[in-house]
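The values are calculated or read from the model by the stated rules, or taken from the named source; none is laboratory data. Small disclaimer: the values here were computed from a predicted structure and weren't measured. Note that we place each Cβ from the backbone using ideal geometry, even for glycine, and neighbour counts take in every protein chain shown. Remember, those area values only see protein heavy atoms, side chains included, never the ligands or the DNA or RNA. Shrake-Rupley method; radii C 1.70, N 1.55, O 1.52, S 1.80 Å.
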Amino acid sequence: MTPGAGAFVLVAEDDAKQAELVRRYLQREDHAVLVVADGRAAIDQIRSRRPDLLILDVMMPELDGLDVLRVVRRDYDIPILMVTARSAADDKLAGFDLGADDYLTKPYDPRELMARVRSLLRRAQASGGSGGSGGSAVLPLRVGPLSLDQVRHEVRLAGRRVECTPAEFRLLETLMSSPGRVFSRRQLLDRAHGPDSFVTDRTADAHVKNLRRKIEADARNPVLLQTVYGVGYRIADGHQAPDV
């Protein structure tokens, strides 16, 4: 996405009336919009056209939104906004656990949808713009066997690449920038989703749970990404982090 230009947004929504409303609001802000009505079509378009943002309904034919999310997150780090009529907290956390960046429950005000779209696109543009030329080199962040390259937008564990969603990357980047420092859930969410995000504190727990599966030898007994009960989370400092 070119700075100052509209984004290419893929909308996966099988309710034609709802999809048209979303299309109109997105086009008012100069975004290019493609609407698909089922999960398989969404995956096909992502693979062929790589949108800047995916607005993904949960309840769809062929493949539902959560199945689409599982497939997409294996290969792509595009921002994903889940939209659903399901309001249960467990459903929302399931979406975040699979790698969604934000979650909106129907019925919703289209203006709130657009506020979330703007927030996600700003965050994606900021993280993608860190690799410009000139100036001093940015060294990867390292904690024990874990490294995070801010220029390449890449995480590695003992040399093996770890696939992270954009929100997971930003959360981990925040923790690794200050090893040993404790961050509250709200501080981490402000870094991961932006201070104008609408996510709840439990979203931080879902991100941490997902990251632990990826970077810990035993996610149930974490060594790198530690909980400080009643306060928040921290990444182990150099003395605590394991070498392998």
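Confirm whether residue 244 is at pLDDT below 90, in contact with a helix residue (DSSP H, G or I) (Cβ under 6 Å, 6 or more places away or on another chain) and farther than 22 Å from residue 151 by Cβ. For residue 244, the condition - at pLDDT below 90, in contact with a helix residue (DSSP H, G or I) (Cβ under 6 Å, 6 or more places away or on another chain) and farther than 22 Å from residue 151 by Cβ - is not met. Within segment 142-186, the set of residues being buried (at least 16 other Cβ atoms within 10 Å of the Cβ) and assigned to a helix (DSSP H, G or I) comprises 166, 167, 168, 169, 170, 171, 172, 173, 174, 175, 176, 185.
Between 190, 196, 205, 218, which is modelled with pLDDT under 80 and acidic (Asp, Glu)?
196
Tell me, which strands (runs of 3 or more DSSP E) wholly within segment 1-120 include 1 or more residues that are aliphatic (A, V, I, L, M) and surrounded by fewer than 17 Cβ atoms within 10 Å (Cβ to Cβ)? Strands (runs of 3 or more DSSP E) meeting the threshold: 32-36.
Taking every residue in segment 7-36 that is touching a residue at least 40 places away in the same chain (Cβ under 8 Å) and under 20 Å from residue 85 (Cα atoms) and pairing it with any residue that is of a type in the set (S, T, N, Q) and open to solvent by 40 Å² or more (accessible area, probe 1.4 Å), at least 6 positions away or on another chain, the pairs with Cβ-Cβ distances below 6 Å are 10/45.
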